[in-house]
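Let me begin by presenting the structure, written as structure tokens, before commenting on it.
The values are calculated or read from the model by the stated rules, or taken from the named source; none is laboratory data. The structure presented is a predicted model; accordingly, all values stated were derived computationally and were not measured. Here the Cβ positions follow ideal geometry from the backbone for every residue, glycine too, while neighbour counts run over all protein chains shown.
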Amino acid sequence: MRDPIDRILEPSSIAVVGASSDPSKRGYQAIKTLQAGGFEGTIYPVNPSADEIRGLEVFASIADVPEPVDLALIVVPGPIVPSVLEDCGEIDVGGAVVIAVGFGETDEKGEALEEEIVSIAAENDVRLVGPNTSGLINVSDGANLVGADGVPEGDLGLLCQSGNLAIALFTEAAGREGVGFSHYVGVGNEADLQFDEYLPYFERTDETDAVVCYVEGFSDGRAFLEQARETGAKTPIVVCKSGRSDVGKQSASSHTGSLAGDAAVADAVFQQAGVVSADRSDELLAAADALASQPPVDGGNVAVLADGGGHATLAADALAERGLSVPQLAADTQRRLESVLPDAASVRNPVDVAGGTDDDPSVFADCALALFDDPNVDAVLLSGLFGGYGQRFTDDLAPIEQAAAAEIADAAAATETPLVIQSAYESTEPETHTILREHDVPVYESLDISVACLDALSTYGTHLQVADQKSSFELDSESADGPDGVRALEDRATDGTLSEYDAKALLEEYGAPVTPYALAETAADAERIAAEFDGPVAMKVVSPDIIHKTEADAIALDVADESVRSTHESVLENARAYDPDAAIDGVLVSPMRTDGVEVIVGATHDEQFGPVVMFGLGGVFVEVLEDVAFRAAPLTEHDARAMLGDIDAQDVLEGARGDPPVDRDALVDVLLSVSQLVADHPEIAEIDLNPVLAGEDGAEILDASIVLESGDGDDDPDRQTQEPDAVPDGGVDE
């Protein structure tokens, strides 16, 4: 028996439940589209009130169909869907596409109905696409259950949570020569089949060379990351994730019933999995087309070949903005360029031919071949008017330009050099561009889109080089403490928040470097503890109910030995005055630490991707600059080091104003400890270690906060675990 996904995406028989003889109804249009599109399988109309529709025998119930059905298209109202799925159980139905709305994307009643259809489908071994979906299409087989006309055939698989955006992408592809789709799936609410479950099919089918995803929210983002990492080794994936703004998040929730995750988290974990993020919808199709047609870029060095200074400069700027470099060309390359270009040309990179191709476009080929051979070049962007010389100057140049295009494309393929063409004449569809596309070279009118494609090729190529060093995203359920761990931590928490004392103790259990500390219940205890430390101490109240200790005036820094007793008393008095009902364990006493760079290490349980670890500059920097990096746990050492490299303020980590560089190995160890902690304890909602003081020879956690999912602490709107009070002089606070 074939896999259910194969039966759904390559159906040999389709039942249309809710078939109609009314041309205005979806149940009529679906049959018409299948017949007109050349679907060669069997079509079974299902309607209890008709005998014949468009020359086909009609069945009163899908249970009456005399043979197994690969795919049922259900176009009846939502409340009727459960009974239809029960009928599907009477015969072997592989999958069902549920078009109806009014399920989990609406209200509690809709959520209950969605749960019901999922349960019934599971009992009858029927996999569900949707509900709230526009349908699906197998373009080459003519299995069009959407009704969209003129969907171009090609090598892109499309998974989409918006029917309108799918139509827009179909239209965009139809206007681009050589771009098209192998399949389309309207994923809908993901009530049963989810994004990740379609990926293996696209990986193993020869018809698909890249996967395009428009996502409003994942039902299981962690499963998507795991599968995307595996599928992406062979078939690149591009995702446009909406819900990036506060307003967008609200829209996504009302439309699909899925919560949209934080954009920074999504972009980071996509990169970790080797998935290319497209910030804009107009980049989505172009990036996927480039990934499907070009080899991945092995590095970030791009040579620009332009026939004008404006295009050359703008291209260099756009590449730099994307983090790609425009390297100096090798001396031999420059000599080759000088031999075919006029004296006014720039041969350094970006290369400006300065009119050297105006009467002979074949010079483009000479220049491109030189760039392909340059050891400093990973990819080439040809920018300007290429393809339009026959229109710009004289018709006699068109065949010369076409021959140059073929030579350039052949040379790029032979040297396995990624090549992208940007041309102002792309919309005129010259024969030169047709030749390039026939050789799988992408051509775009927009310079920004062209550079976005090179960025996508570089992102994907960089991932492939280190993919085996990255996280598998698998959370080992056997190593996690599970319910016993939940109870163990909850016993140590008040209203879901661990005291700082318990938080530090737990971190120590995982090998995290915590500044020495001790809990003083009495003033005498505080004096004794302080005497054991060398120099001044920091003192702060230990209470899970008092998060902002500065606000409560329940923290003291640089406390000398002679002031420890009185400070202990004042810290407790201030804490009780701030919150008379607060549970107070005592006063934490630690040696002062001031030398080093304050960084923040944190973790959160993302609603879509699960446990995620954060790193950034600490103290006021995290609030003002928001210079932070994310990765999904469990981290590998490579992931942790990549997080350190993601921070913009590298000069701070490397030692600003003569300071020594921080110990990156020590910070990596902190990140790995926190990663293992949250991977083992799914009940942890948030960890906030701020500051972690990073020095030349190590790192120490000065302050720690841990909040559990099961408690009420995470419901406090005033709690800001990632934006703590600023404390001067390298002090500690939450």
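Report the residue count in the stretch 633-677 for those that are modelled with pLDDT under 95 and in contact with a Ser or Thr (Cβ under 9 Å, 6 or more places away or on another chain).
Residues flagged as modelled with pLDDT under 95 and in contact with a Ser or Thr (Cβ under 9 Å, 6 or more places away or on another chain) within the stretch 633-677 amount to 0.
If the requirement is being within 28 Å of the chain's Cα centre (by Cα), closer than 17 Å to LEU506 by Cα and without any contact (Cβ under 8 Å) to a residue 40 or more places away in the chain, which of these qualifies: LEU689, LEU672? Don't jump to the end; show me each part of the working.
Numbers: LEU689 fails: without any contact (Cβ under 8 Å) to a residue 40 or more places away in the chain.
Answer to the selection: LEU672.
Kindly evaluate ILE31 against the criterion of being of a type in the set (Val, Ile, Thr), over 28 Å from GLU123 (Cα atoms) and over 34 Å from the mean Cα position of the chain (by Cα).
Values: of a type in the set (Val, Ile, Thr): yes; over 28 Å from GLU123 (Cα atoms): yes; over 34 Å from the mean Cα position of the chain (by Cα): yes.
Answer is yes for this residue.
Can we say GLU683 is crowded, with 20+ Cβ neighbours inside 10 Å, in the same structural domain as GLY618 (by TED's automatic domain parsing) and of a type in the set (Asp, Glu)? Step through it out loud before you land on a result.
Values: crowded, with 20+ Cβ neighbours inside 10 Å: yes; in the same structural domain as GLY618 (by TED's automatic domain parsing): yes; of a type in the set (Asp, Glu): yes.
So GLU683 passes the test.
When you scan the stretch 101-124, how many residues do you find that are hydroxyl-bearing (Ser, Thr, Tyr), crowded, with 16+ Cβ neighbours inside 10 Å and in a helix (DSSP H, G or I)? First the steps, then the outcome.
Narrowing the stretch 101-124 to residues hydroxyl-bearing (Ser, Thr, Tyr): 106, 119.
When the remaining residues are screened for being crowded, with 16+ Cβ neighbours inside 10 Å, the result is 106.
Add one more test, that the residue is in a helix (DSSP H, G or I), and what stays is none.
The number of residues fulfilling the criteria is 0.
Touching a helix residue (DSSP H, G or I) at 6+ places or on another chain (Cβ under 8 Å), buried (at least 22 other Cβ atoms within 10 Å of the Cβ) and polar (S, T, N, Q), is that true of GLN194? Spell out the reasoning first.
On the way: touching a helix residue (DSSP H, G or I) at 6+ places or on another chain (Cβ under 8 Å): yes; buried (at least 22 other Cβ atoms within 10 Å of the Cβ): no; polar (S, T, N, Q): yes.
Criteria not met by GLN194.
When the stretch 649-660 is examined, which residues are found to be over 22 Å from ALA704 (Cβ atoms) and either in contact with a strand residue (DSSP E or B) (Cβ under 9 Å, 6 or more places away or on another chain) or buried (at least 19 other Cβ atoms within 10 Å of the Cβ) (or both)? Give the derivation first.
As a first pass, look at the stretch 649-660 and keep what is over 22 Å from ALA704 (Cβ atoms): 649-652, 654-660.
If the condition is that a residue be over 22 Å from ALA704 (Cβ atoms) and either in contact with a strand residue (DSSP E or B) (Cβ under 9 Å, 6 or more places away or on another chain) or buried (at least 19 other Cβ atoms within 10 Å of the Cβ) (or both), then ALA649, VAL652, GLY655, ALA656, ASP659, PRO660 are the ones that fit.
When residues of the stretch 592-643 are filtered for being of a type outside the set (Asp, Glu), in a helix (DSSP H, G or I), in contact (Cβ under 8 Å) with a residue 24 or more places away in the chain and surrounded by fewer than 19 Cβ atoms within 10 Å (Cβ to Cβ), how many remain?
3
Test each condition in (1) among the charged types (D, E, K, R); (2) buried (at least 18 other Cβ atoms within 10 Å of the Cβ); (3) out of contact with any Pro (no Cβ under 9 Å at 6 or more places or on another chain) for ASP209 and report the one that comes out false.
(3)
Within the set of pairs 6+ apart or on separate chains, which have a first residue in the stretch 458-476 that is in the same structural domain as LEU319 (by TED's automatic domain parsing) and part of a helix (DSSP H, G or I), a second that is at pLDDT below 95 and charged (D, E, K, R), and C-beta atoms under 6 Å apart?
Close Cβ pairs satisfying both conditions: GLY461/ASP298.
Take the residues in the stretch 644-657 that are outside any helix (DSSP H, G or I) and farther than 16 Å from VAL668 by Cβ; name whichever of them is nearest to the chain's Cα centre (by Cα).
Taking the stretch 644-657 and keeping what is outside any helix (DSSP H, G or I), we get 647-649, 654-655.
Remaining after also requiring farther than 16 Å from VAL668 by Cβ: 648-649, 655.
Working: ASP648: 20, ALA649: 23, GLY655: 32 Å.
Step by step, filter the stretch 644-657, then rank; the result is ASP648.
Please list, ordered by residue number, the helices (runs of 4 or more DSSP H) wholly in the stretch 315-422 having 2 or more residues that are in contact with a Phe, Trp or Tyr (Cβ under 7 Å, 6 or more places away or on another chain) and surrounded by 21 or more Cβ atoms within 10 Å (Cβ to Cβ).
Details: elements: 331-340, 362-372, 389-392, 397-415.
Result: 397-415.
Output the residues belonging to the stretch 192-230 that are out of contact with any Phe, Trp or Tyr (no Cβ under 7 Å at 6 or more places or on another chain), of a type in the set (A, V, I, L, M, F, W, C) and touching a residue at least 60 places away in the same chain (Cβ under 8 Å).
Within the stretch 192-230, LEU193, ALA210, VAL212 qualify.
Does the stretch 526-533 contain at least one residue that is touching a helix residue (DSSP H, G or I) at 6+ places or on another chain (Cβ under 8 Å), at pLDDT 95 or above and farther than 30 Å from SER673 by Cα?
Of the residues in the stretch 526-533, the ones touching a helix residue (DSSP H, G or I) at 6+ places or on another chain (Cβ under 8 Å) are 526-527, 530-531.
When the remaining residues are screened for being at pLDDT 95 or above, the result is 526-527, 530-531.
Right, trim to farther than 30 Å from SER673 by Cα and you get 527, 531.
Taking every residue of the stretch 526-533 in turn, at least one turns out to be touching a helix residue (DSSP H, G or I) at 6+ places or on another chain (Cβ under 8 Å), at pLDDT 95 or above and farther than 30 Å from SER673 by Cα.
Can you tell me which residue in the stretch 513-532 is nearest to the chain's Cα centre (by Cα), limited to those that are in a loop (DSSP other than H, G, I, E, B) and surrounded by fewer than 18 Cβ atoms within 10 Å (Cβ to Cβ)? Even if it seems obvious, please write down each step before you answer.
Initial filter on the stretch 513-532 (in a loop (DSSP other than H, G, I, E, B)): 513, 515-517, 521-522.
Subset that is surrounded by fewer than 18 Cβ atoms within 10 Å (Cβ to Cβ): 513, 516, 521-522.
On the way: PRO513: 31, PRO516: 39, GLU521: 48, THR522: 51 Å.
Restricting to residues being in a loop (DSSP other than H, G, I, E, B) and surrounded by fewer than 18 Cβ atoms within 10 Å (Cβ to Cβ), the top hit is PRO513.
Give me the pairs: first residue in the stretch 140-168 and closer than 18 Å to GLY37 by Cβ, second residue of a type in the set (Lys, Arg) and at pLDDT 95 or above, beta-carbon distance under 8 Å, and six or more apart or on different chains, which are they?
Note: pairs meeting the criteria are GLY147/ARG26.
crowded, with 17+ Cβ neighbours inside 10 Å, within 29 Å of the chain's Cα centre (by Cα) and assigned to a helix (DSSP H, G or I): which single residue out of LEU128, LEU165 fits that description?
LEU165
Inspect the stretch 550-560 for any residue being outside any strand (DSSP E or B), touching a residue at least 60 places away in the same chain (Cβ under 8 Å) and touching a Ser or Thr at 6+ places or on another chain (Cβ under 7 Å) and give the result as yes or no. First the steps, then the outcome.
So the first thing to find is which residues in the stretch 550-560 are outside any strand (DSSP E or B), and the list is 550-554, 560.
Filter again for touching a residue at least 60 places away in the same chain (Cβ under 8 Å), leaving 550-551.
Those still in the list that are touching a Ser or Thr at 6+ places or on another chain (Cβ under 7 Å) too: none.
No, every residue in the stretch 550-560 fails to be outside any strand (DSSP E or B), touching a residue at least 60 places away in the same chain (Cβ under 8 Å) and touching a Ser or Thr at 6+ places or on another chain (Cβ under 7 Å).
How many residues does the stretch 155-195 contain that are more than 19 Å from ASN132 (Cβ to Cβ) and among the acidic types (Asp, Glu)?
Matching residues across the stretch 155-195 total 3.
Here are some residues: SER21, SER61, SER13. Which one is of a type in the set (S, T, N, Q) and either closer than 23 Å to ASN138 by Cα or touching a Phe, Trp or Tyr at 6+ places or on another chain (Cβ under 6 Å) (or both)? Walk me through it before giving the result.
Details: SER21 fails: either closer than 23 Å to ASN138 by Cα or touching a Phe, Trp or Tyr at 6+ places or on another chain (Cβ under 6 Å) (or both); SER61 fails: either closer than 23 Å to ASN138 by Cα or touching a Phe, Trp or Tyr at 6+ places or on another chain (Cβ under 6 Å) (or both).
Unique residue meeting the criteria: SER13.
Suppose we filter ASP141, ASP155 for residues that are at pLDDT 95 or above and assigned to a loop (DSSP other than H, G, I, E, B); which single one remains? Write out each step before concluding.
Values: ASP155 fails: assigned to a loop (DSSP other than H, G, I, E, B).
From the options ASP141, ASP155, the qualifying one is ASP141.
Table: residues versus (1) free of Cβ contacts under 8 Å to residues at least 24 places away in the same chain; (2) touching a Pro at 6+ places or on another chain (Cβ under 9 Å); (3) within 24 Å of VAL441 (Cα to Cα).
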position: ALA303; (1), (2), (3): no, yes, yes
position: GLY310; (1), (2), (3): yes, no, yes
position: ALA318; (1), (2), (3): no, no, yes
position: ASP343; (1), (2), (3): yes, no, no
position: ASP352; (1), (2), (3): no, no, yes
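Which of the residues belonging to the stretch 671-686 are touching a helix residue (DSSP H, G or I) at 6+ places or on another chain (Cβ under 6 Å) and part of a strand (DSSP E or B)?
ILE684, ALA685
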